[in-house]
1. Whether any residue in segment A:49-56 is in contact with a Lys or Arg (Cβ under 8 Å, 6 or more places away or on another chain), more than 10 Å from chain B (Cβ to nearest Cβ) and open to solvent by 30 Å² or more (accessible area, probe 1.4 Å) is what I want to check.
2. Does B:Thr26 satisfy the criteria of being surrounded by fewer than 19 Cβ atoms within 10 Å (Cβ to Cβ) and closer than 25 Å to A:Ser39 by Cα?
3. Just to be sure I understand, how many residues within segment A:90-112 are over 19 Å from A:Ile55 (Cα atoms) and open to solvent by less than 30 Å² (accessible area, probe 1.4 Å)?
4. Identify the residue in segment A:5-50 that is in a loop (DSSP other than H, G, I, E, B) and closer than 18 Å to B:Gly104 by Cβ and, among all such residues, is modelled with the highest pLDDT.
5. What residue, among those in segment B:92-111 that are on the phi < 0 side of the Ramachandran plot, crowded, with 21+ Cβ neighbours inside 10 Å and within 13 Å of chain A (Cβ to nearest Cβ), is modelled with the highest pLDDT?
6. Say whether the condition of being within 14 Å of another protein chain (Cβ to nearest Cβ), over 30 Å from A:Ser5 (Cβ atoms), part of a loop (DSSP other than H, G, I, E, B) and open to solvent by less than 40 Å² (accessible area, probe 1.4 Å) is met by at least one residue in segment B:50-73.
Amino acid sequence: DTAVSQTPKYLVTQMGNDKSIKCEQNLGHDTMYWYKQDSKKFLKIMFSYNNKELIINETVPNRFSPKSPDKAHLNLHINSLELGDSAVYFCASRRGAYNEQFFGPGTRLTVL
Amino acid sequence: DAKTTQPPSMDCAEGRAANLPCNHSTISGNEYVYWYRQIHSQGPQYIIHGLKNNETNEMASLIITEDRKSSTLILPHATLRDTAVYYCIAYYGGSQGNLIFGKGTKLSVKP
């Protein structure tokens, strides 16, 4: 069974569109994250959710909004997509404060 | 910014031990040293972490110097599948803890 899954794996879209990436974890973890890895391979945290509350929000444009319908899901909504949003987006989850994070396989977003 | 520095790349012969160094001279007393790796654009994979003592698990060993200013990740018998980018991260943890990824070390295991 896949611990952290993301859909879709690839997403190609036009500038200005609105899109969503879904993330689900079946590990019973209480904290979930979104990371962005750009073309230079730098991996940066975007958001984290703990018990359905946003507890970290880095300097991310407000076009990006995480939505958590329940503890097992953290979806990423992106409005008015821009060329610079092209990247690989990783979802992750963690149980407790000092345990390791488990990452999903990533979603490669290409904005044309 | 990442609080750790690592060599950009290393090579290792298959079957030999791979020793990946990491400097973290400004690490705080309550920050752990975590190691993750990323195999060819897959999601990062946790390897091991430690605070003060050396740690070993089924994947690797972590040696932390007594002053905690540096550490070494050891893959005892490297295989081709260990070719990846390895990240050393100083991580406070807690509800506000962030994993801050640096550039990592690209380890190439060669036959």
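The values are calculated or read from the model by the stated rules, or taken from the named source; none is laboratory data. The structure presented is a predicted model; accordingly, all values stated were derived computationally and were not measured. So basically every Cβ, Gly included, is an ideal-geometry build from the backbone, and we count neighbours across all protein chains shown. Just the protein is used for accessible areas: all its heavy atoms, side chains included, with ligands, DNA and RNA removed. Shrake-Rupley method; radii C 1.70, N 1.55, O 1.52, S 1.80 Å.
1. First, the residues of segment A:49-56 that are in contact with a Lys or Arg (Cβ under 8 Å, 6 or more places away or on another chain): A:51-52.
Next cut, more than 10 Å from chain B (Cβ to nearest Cβ) only: A:52.
Add one more test, that the residue is open to solvent by 30 Å² or more (accessible area, probe 1.4 Å), and what stays is A:52.
Yes, the conditions are met somewhere in segment A:49-56.
2. No: the conditions fail for B:Thr26.
3. Restricting attention to segment A:90-112, the residues satisfying the condition of being over 19 Å from A:Ile55 (Cα atoms) are A:104-112.
From what is left, the residues that are open to solvent by less than 30 Å² (accessible area, probe 1.4 Å) are A:104, A:106-107, A:109, A:111.
So the count comes out to 5.
4. Looking only at segment A:5-50, we keep the residues that are in a loop (DSSP other than H, G, I, E, B), and these are A:8-9, A:14-18, A:26-30, A:38-42.
From the residues that got through so far, the ones that are closer than 18 Å to B:Gly104 by Cβ too are A:38-42.
Values: A:Asp38: 90, A:Ser39: 85, A:Lys40: 83, A:Lys41: 83, A:Phe42: 86.
Here the answer is A:Asp38.
5. Here is the first cut: in segment B:92-111, the ones on the phi < 0 side of the Ramachandran plot are B:92, B:95-103, B:105-111.
Still in the list and also crowded, with 21+ Cβ neighbours inside 10 Å: B:99, B:101, B:105, B:107.
Cutting the leftovers down to within 13 Å of chain A (Cβ to nearest Cβ) gives us B:99, B:101, B:105.
On the way: B:Leu99: 84, B:Phe101: 89, B:Thr105: 97.
Looking at residues that are on the phi < 0 side of the Ramachandran plot, crowded, with 21+ Cβ neighbours inside 10 Å and within 13 Å of chain A (Cβ to nearest Cβ), I get B:Thr105.
6. Taking every residue of segment B:50-73 in turn, none turns out to be within 14 Å of another protein chain (Cβ to nearest Cβ), over 30 Å from A:Ser5 (Cβ atoms), part of a loop (DSSP other than H, G, I, E, B) and open to solvent by less than 40 Å² (accessible area, probe 1.4 Å).
So that you can scan it fast, the table gives a plain yes or no per residue for (1) more than 14 Å from B:Thr105 (Cβ to Cβ); (2) at pLDDT below 95:
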{"site": "B:Ser9", "(1), (2)": "no, no"}
{"site": "B:Asn19", "(1), (2)": "no, no"}
{"site": "B:Gly50", "(1), (2)": "yes, yes"}
{"site": "B:Leu75", "(1), (2)": "no, no"}
{"site": "B:Thr79", "(1), (2)": "yes, no"}
{"site": "B:Asp82", "(1), (2)": "no, no"}
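Yes/no per residue for (1) closer than 17 Å to A:Gly104 by Cα; (2) of a type in the set (S, T, N, Q); (3) over 12 Å from the mean Cα position of the chain (by Cα):
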site: A:Phe42; (1), (2), (3): yes, no, yes
site: A:Phe47; (1), (2), (3): yes, no, no
site: A:Asn50; (1), (2), (3): no, yes, yes
site: A:Leu74; (1), (2), (3): yes, no, no
site: A:Asp85; (1), (2), (3): no, no, yes
site: A:Ala92; (1), (2), (3): yes, no, no
